[in-house]
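K.L.:
Please read through the structure below; I'll follow up with questions.
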Amino acid sequence: MHNERFATYYKTQKIVPEDEWETLLESLRTPLPTTFRVAGSRLTAQSLNATLRDTHVPNLSNVVFEDQPVSPPVQIPWYPDGLAWQFNVPKKVLRKSPEFKEFHSFLVFETEVGNVSRQEAVSMLPPLFLDVEPHHRVMDMCAAPGSKTAQLLEALHAHDTLTSTSIPSGLLIANDSDHKRTHLLIHQSARLPSPALMVTNLDASIYPSMKVPSTTNPGRLEALQFDRILCDVPCSGDGTMRKNLGIWKTWQPQDGNGLHGLQLRILQRAMKLLAPGGRIVYSTCSLNPVENEAVIASALKANPDFHLLDVSTKLPALVSRPGLTWWQPTDRSLKMTYETYEKFLETCTEGEAVKSKMSRGHWPPEGVEELNLPRCIRIYPHLQDTGGFFVAVLERSGEVAQTPPREKKREASPAEEEAPDSKKPRLEEATGDATPTEEAPKVEEAAKSAAPVIPVGGKAKKGESGGSFKENPYTFLPADDPTLASCLKRLHLTPTFPSSNVLVRNPDGSGEAARSLYISNDRVKAVVQHNDYNRIRLTFAGTKVFTKQEAGRGVEAQWRVLDDALPLVVPYTEPETIAVGDLVTLRILVATHYPLCAVFPEPFKTVVQGRESGSLVVRFPESKIEGASLSHDVILPLWKSNISLTLMIDKKARSALSMRVFGKDITTPAKERPQTQTPGAEAVVVSVDELEEQAEVEMADAVPAGDDGSEPAAGDDAAMADVEN
Ligand SMILES: C[S@@+](CC[C@H](N)C(=O)[O-])C[C@H]1O[C@@H](n2cnc3c(N)ncnc32)[C@H](O)[C@@H]1O
């Protein structure tokens, strides 16, 4: 863990006082503590956080391993509501101490189901400074793998309750230029299903302007402007050296020098897309002023309607240092630093200057002191045992548009619907487009071509590109579509269900061919309907709520509600069709795979025996019995075949639920039958073996492999490492 170039460069930049340099270096050489955030909707998170604080931490408080006391997890002091935690425990303690082993499995399972997000502490900062509210139009320009997108979604859904999801009037577009990584992002975001989410796969530096119906000028279109934009740009990542040890070996100043241009272009594009009064958070996990203050300074100079916000009191417990007002770039040889760009140019040929990727913007601009750069936030590893990080919060002057908390839905005027594209109002005419007219053709052209791919480390690999766009389009179904109508009827949904916001995803856009139905809010609908999906490289819109389930041999497939979508669908479900179960019932469902209806306690048994086969929703109210407790209501999806029931959640979710309610994992592998009679079950009058056999045959076709009924591999560290950023 030594790199002379790194030390020389940063000492020259005076990023910390000289007498602090060794402490900073020492801290960079020590392993990073494990940090995680209790995620998901606010109330679920608070309930899980209480379990952590009141059960897990006391259990871990007096652990002694090999004669040494081991400290329990502690809350990160600056994170709101105490929802972020950290602990520093050697791997062998996690593997061998029974208390920590149990805690580790708890974390792995809860991470799998999305209630815990393993995230570096400093990476949790940018969304906190963005201050997102449920009605905001939000853009996450470089979003994959999505840990910050998840935080932004949580903020949009701040009004959710434990068992129901609000439909925010706002919008979140999460974008990344790497196609593969957008799919990781979609997977991550599915953990907080949101009808307000869209995912696009574009180069953020040339992000096209999107059209939406004008709110002030009916029948016209205007450019979509955002209230909040996150620019968590690709960077050299030298603030992550405690975790990514490879950077010690490879670090060189050219990493940051080469990225400055792209970082500035992404920030400047965000500035063009932002509404007056809106806010941008620019962040990197780099210590380098060329990637940080230099980008902010150049962007502010070019956009005088922007200023840096003083956010020093926002998180009082966060220890940080002010942004720099002086720095001195160096060329790749690191032999010299140059006071000015002009002095640098004197030392090289034109070709060398181009190759160096240096520009005037790499240096502090004239009048740098007027830009308030000390309002930027620098986090160094030794300040509070974290990674290194940089955040700047920029605000655009102008009046904040007063968005009503819930938008009124606007149907397109018949003239607009029927007009051929060429006759539709031109975006620029309608709005004086957020995109300057002379820039528009370049942006449009570039957006049509495949987006370039630049990996997290920031260096684009030769020949890499986003490839041609092969995603299926999203199409809204007419509210009276027969497939949709039969689905809503079968699932007992009320007429208030927003059926005009249901989308399908197949080449011909028909309901008949659909195997899944998605739902969006009005804002997502407006964007999808008024923009060519190929041009905006639309990879995902809304959230999947219903899927077709094979119902067994010779029986027609039926619709069911996806587990994750239940909080969204339940408020629109006829209340009398939601069955109610107790903890004994839940224990049978968690421990057994195809329990017979006959084994459940009354009145649940009679209720389910009287139901037609197919999708069934059950509410388990808050309660407590010997060996089990539910601290809040839980709603779960079941599938009923002729004589048995199945809990339609995947293996990890089942185990996580079991640990939360029964304090241990009581699940059994799919094929293994319980040796004894199911706990809490009544005496069964017919041969259980015979009937179970029959039930398994019935279910063989019915339970899908894949997103819901599947049996994914057991939880391990990889599951947590996967989502770490
Ligand atoms: C620092 S990472 C983002 C991490 C993410 N915000 C999170 O919290 O999970 C930078 C991302 O920028 C993406 N990227 C690189 N160049 C880009 C560009 N020109 N436009 C959009 N995204 C880009 C990379 O694929 C990478 O996923």
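K.L.:
With +1 on each Lys and Arg Cβ and -1 on each Asp and Glu Cβ, and nothing else charged, work out how big the dipole of the stretch 146-203 is about its Cα centre, in Debye to the nearest 20.
P.N.:
I would put it at about 120 debye.
K.L.:
Over the stretch 202-299, what is the relative contact order in whole percent, taking alpha-carbon pairs under 8 Å and six or more residues apart?
P.N.:
37 percent
K.L.:
Test of understanding: express the Cα radius of gyration of the stretch 236-373 as a ratio to 2.2 N^0.38 Å, with N the residue count.
P.N.:
Its radius of gyration relative to the 2.2 N^0.38 Å reference: 1.12.
K.L.:
Could you state the number of Å between the C-alpha centres of the stretch 27-82 and the stretch 631-650?
P.N.:
Here the answer is 31 Å between Cα centres.
K.L.:
Along Cα→Cβ, 7 Å out, is where each label goes; now give me the distance between the ones at residue 326 and residue 577 in nm to one decimal.
P.N.:
7.2 nm
K.L.:
Okay, moving on. Per 0.36 nm of contour for each residue apart, how much would the distance between residue 313 and residue 74 grow if the chain were fully extended, relative to their Cα-Cα spacing?
P.N.:
Extending this stretch completely gives an extra 83.8 nm.
K.L.:
For all pairs of alpha-carbon atoms in the stretch 567-648, what percent lies in each bin of width 5 Å, listed from the first bin to the last filled one?
P.N.:
3, 14, 28, 27, 18, 8, 1
K.L.:
Kindly list the residues of the stretch 474-489 that lie in the label zone of residue 529, defined by a backbone N under 17 Å from the point 7 Å along the Cα-to-C-beta vector.
P.N.:
Answer for this model: 474-481.
K.L.:
Taking 0.36 nm per residue of sequence separation and subtracting the Cα-Cα distance, how much length would be gained by fully extending the chain between residue 550 and residue 88, in nm to one decimal?
P.N.:
Residue separation times 0.36 nm, minus the Cα-Cα distance, leaves 161.6 nm.
K.L.:
Tell me the label-point distance for the pair residue 23, residue 187, using the 7 Å Cα-to-Cβ offset, in nm and rounded to one decimal.
P.N.:
For the pair residue 23/residue 187, the computed spacing is 4.1 nm.
K.L.:
Sum up the charges of everything whose Cβ sits under 10 Å from the Cβ of residue 275, counting Lys and Arg as +1 and Asp and Glu as -1, but leave residue 275 out.
P.N.:
Within the 10 Å Cβ shell, the charges total +2.
K.L.:
Using a/c under 1.5 as the rounded threshold, could you call the stretch 577-619 rounded, prolate or oblate? The axes a ≥ b ≥ c are square roots of the C-alpha gyration tensor eigenvalues, and prolate needs a/b larger than b/c, oblate otherwise.
P.N.:
rounded
K.L.:
Label residue 349 and residue 305 with points 7 Å out from Cα along Cα→Cβ: what is the distance between them in nm?
P.N.:
Using points 7 Å along Cα→Cβ, the separation is 4.5 nm.
K.L.:
Further question: Within a Cβ distance under 9 Å of residue 308, other residues only, what is the Lys/Arg minus Asp/Glu net charge?
P.N.:
Taking every Cβ under 9 Å from that of residue 308, the sum is -1.
K.L.:
Here's another thing I want to ask about it. Please identify the GluC sites (Glu not before Pro) of the stretch 1-82 that satisfy two criteria: DSSP loop assignment and at most 12 other Cβ atoms within 10 Å. Which are they?
P.N.:
66
K.L.:
Still on this model: Could you compute the FRET efficiency for residue 366 and residue 51, with r as their C-beta to C-beta distance and R0 at 41 Å, rounded to 0.05?
P.N.:
For R0 = 41 Å, the calculated efficiency reads 0.15.
Values quoted throughout were computed directly from the atomic coordinates according to the rules given, and no laboratory measurement underlies them. If you're wondering where the values come from, they're calculated on a predicted model, not measured in any experiment. A quick note on method: Cβ atoms are made from the backbone with ideal geometry, for glycine too, and the neighbour counts reach across all protein chains shown.
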